Amino acid sequence: MKNTKFIFVTGGVLSSLGKGLAAASIAAILESRGLRVTNQKLDPYINVDPGTMSPFQHGEVFVTDDGAETDLDLGHYERFTRTRMKKSNNLTTGQVYFSVISKERRGDYLGKTVQVIPHITNEIKDFIRDSAEDFDVAIVEIGGTVGDIESLPFLEAVRQFRLEVGKQNAAFIHLTWVPFIKTAGEVKTKPTQHSVKALREIGIQPDILLCRTENFLSEDIKAKIALFCNVEVASVFTAKDVSCIYEVPLIYHREGLDEKIVDLLNIWTGQPHLEAWENVVEKMLHPAEEVSIAIVGKYVNLTDSYKSLNEALVHGGIANDCRVNLKFVDSEKIEKDGINHQLDGADGILVPGGFGDRGIEGMIQAAHYARTNKVPYFGICLGMQMAVVEYARYICGMERANSSEFDEKTPYPVIDLLPEQKVVKEKGATMRLGSYPCTLSESSFAFAAYGVTEIDERHRHRYEFNNDFKSGLTEYNLKITGVSPDGRLAEIVELHDHPWFLGCQFHPEFKSRPTDPHPLFRKFIEASLIYHRQKA
Ligand code: GLN
């Protein structure tokens with residue numbers, strides 16, 4: 001095995017400090033120093049994957065090329081580095097126990113008593129080692145907060161790991177919180193002291209502390225933290241709050257974090273090339289224009305549910321030198337009250353993916369509004385399906401047309417299950433998942449965006465465009481501009497008597513990056529910008 005270096009990222013005091021972003025940003029700077037970097041996420045929950053969890057509970061489910069339904073932090077990792085994530089970049093307690101129990105049933109443990117130490121911890125260490133193969137550096141983020149019961153086996157495993165590979169090959173970075181207490185007029189270090197104490201009690205001494213706080217910490221405060229937490233002063237870094245997340249790698253670099261890491265792990269590299277990130281931040285902080293995009297969906301109160309989507313729209317803005325203002329509109333409210341000014345001011349309308357029938361009539365109305373008012377429309381997965389339903393009902397005279405997901409008795413199931421999906425009973429990992437190829441027709445919005453005819457995009461859905469209604473819909477000018485290579489599955493639909501109306505069965509948002517905005521988001525924002533200028 002090559003000499004991979006490991007960085008373990010833990011979090012203290014409370015959740016939501018941005019551990020995923022911290023791990024992704026560290027990866028970004030190390031990659032910009034010419035290293036091959038990968039990220040892993042170890043999640044303490046017992047679900048085998050987050051695929052069966054409600055987005056209200058867990059935020060977005062991020063889908064990888066190889067069809068894994070993973071934690072949304074993997075989305076951050078992909079947006080910040082060139083490395084593509086796989087199933088093997090996300091491990092949950094559920095997977096660990098599933099694997100250990102299967103081995104026990106097979107008799108692999110030869111009659112031994114199977115225990116947390118060493119069997120569970122060995123399983124975790126094997127995973128970390130295997131999925132880091134071929135990389136210079138693996139950044140391993142441990143979910144949860146230090147002190148939780150659930151993350152203990154993971155922390156114990158990485159403690160052992162460091163002992164096995166040695167100090168020069170593994171480092172511990174602890175992200176903690178240093179709050180500014182208004183009434184006292186000063187920042188407080190006690191929560192950090194306590195969380196490092198909790199870490200040390202289980203045998204982990206952090207090498208680096210990343211202190212999440214409002215302003216840069218003074219040398220005095222750093223010295224105090226260093227003294228109480230048993231780290232060098234030069235290893236205490238400010239992780240300052242930022243308005244633009246893509247600024248984090250730049251701030252870390254300015255503070256000297258990457259230099260400290262390569263020094264600790266004895267890695268030989270040159271200085272980082274951060275120009276691409278500087279450019280992204282400059283474009284985001286000083287855009288020339290603005291557009292307003294309405295997202296009509298059902299998880300509007302929890303915007304983490306649309307994490308990749310929100311980011312992809314911002315990336316579309318970067319590509320067009322404009323700020324993208326997002327307005328979340330509850331589709332259930334449209335269903336109840338009608339559009340009723342809720343889409344006023346929108347320069348583009350986007351209906352994202354989703355499951356369950358709540359608010360779907362509102363999405364259909366939003367697609368109707370966009371089509372008839374010639375506002376740019378982007379339908380993603382469910383948003384494409386609802387646009388097809390709208391067209392069938394209003395243009396093709398198919399009254400009560402629907403997806404059979406929402407109305408089993410509809411006379412026109414324009415969206416339906418494929419025969420092979422009809423027999424599936426289990427919920428976990430039974431959808432069309434992961435990357436599938438798609439062939440584009442040349443005269444299409446899609447081809448104008450991608451510039452090639454063969455593309456690959458990621459899917460996560462059960463229902464499909466129903467080919468029984470293909471001729472019934474296309475004779476009224478619904479264009480099918482992207483299909484699976486065998487022609488069997490409709491992947492993209494468009495309307496051409498419209499400035500930009502496109503629905504896709506896949507989720508393009510998963511593949512967009514700030515440094516390489518996705519073509520469809522670039523074109524959707526461009527169309528919205530043109531619409532905006534025409535209004536003015
Ligand atoms: N619920 C729809 C399906 O299963 C759409 C899923 C999605 O938008 N990701 O096909």
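Here are the numbers:
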item: Within segment 316-367, considering residues that are of a type in the set (Gly, Ala, Ser), within 21 Å of Phe506 (Cα to Cα) and part of a loop (DSSP other than H, G, I, E, B), the one farthest from the ligand (Cβ to nearest atom); result: Gly359
item: In segment 147-199, residue modelled with the lowest pLDDT [restricted to those that are β-branched (Val, Ile, Thr) and touching a helix residue (DSSP H, G or I) at 6+ places or on another chain (Cβ under 8 Å)]; result: Val187
item: Selection count, segment 417-460, where residues are more than 16 Å from Phe355 (Cα to Cα), within 12 Å of the ligand (Cβ to nearest atom) and modelled with pLDDT of 95 or more; result: 1
item: Candidate set from segment 313-339 (those that are among the basic types (Lys, Arg) and under 23 Å from Lys283 (Cα atoms)); member that is surrounded by the fewest Cβ atoms within 10 Å (Cβ to Cβ); result: Lys327
item: When residues of segment 461-495 are limited to those that are within 16 Å of the ligand (Cβ to nearest atom), of a type in the set (S, T, N, Q) and touching a residue at least 24 places away in the same chain (Cβ under 8 Å), the one surrounded by the fewest Cβ atoms within 10 Å (Cβ to Cβ); result: Ser484
item: First in segment 115-144 and without any contact (Cβ under 8 Å) to a residue 60 or more places away in the chain and more than 26 Å from Ser32 (Cβ to Cβ), second anywhere and buried (at least 19 other Cβ atoms within 10 Å of the Cβ) and hydroxyl-bearing (Ser, Thr, Tyr), Cβ under 9 Å, 6 or more apart; result: Ile120/Thr93
item: Unmet requirement for Gly297, which otherwise passes all of (1) without any contact (Cβ under 8 Å) to a residue 12 or more places away in the chain; (2) surrounded by 19 or more Cβ atoms within 10 Å (Cβ to Cβ); result: (1)
item: Residues being surrounded by fewer than 17 Cβ atoms within 10 Å (Cβ to Cβ) and of a type outside the set (D, E, K, R) - total across segment 340-354; result: 3
item: Unique match (being touching a residue at least 40 places away in the same chain (Cβ under 8 Å), small (Gly, Ala, Ser), more than 26 Å from Gly356 (Cβ to Cβ) and in a loop (DSSP other than H, G, I, E, B)) among Gly20, Gly34; result: Gly34
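For every residue, the table says whether it meets (1) more than 10 Å from the ligand (Cβ to nearest atom); (2) in contact (Cβ under 8 Å) with a residue 40 or more places away in the chain; (3) among the polar types (S, T, N, Q); (4) part of a loop (DSSP other than H, G, I, E, B).
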| position | (1), (2), (3), (4) |
| --- | --- |
| Phe378 | yes, yes, no, no |
| Gly383 | no, yes, no, no |
| Val388 | yes, yes, no, no |
| Tyr391 | yes, yes, no, no |
| Gly397 | yes, no, no, yes |
| Arg400 | yes, no, no, yes |
| Glu405 | no, yes, no, yes |
| Thr410 | yes, no, yes, yes |
| Ile415 | no, yes, no, no |
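The rows are residues; the columns are (1) among the hydrophobic types (A, V, I, L, M, F, W, C); (2) in a helix (DSSP H, G or I); (3) more than 13 Å from the chain's Cα centre (by Cα); (4) surrounded by fewer than 18 Cβ atoms within 10 Å (Cβ to Cβ).
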residue	(1), (2), (3), (4)
Glu60	no, no, no, no
Gly75	no, yes, no, no
Arg79	no, yes, no, no
Thr83	no, no, yes, yes
Ser88	no, yes, yes, yes
Phe98	yes, yes, yes, yes
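The values are calculated or read from the model by the stated rules, or taken from the named source; none is laboratory data. Because the structure is predicted, anything quoted here is derived from the model rather than measured. Neighbour counts are summed over all protein chains in view; Cβ atoms, including those assigned to glycine, are modelled from backbone coordinates with ideal geometry.
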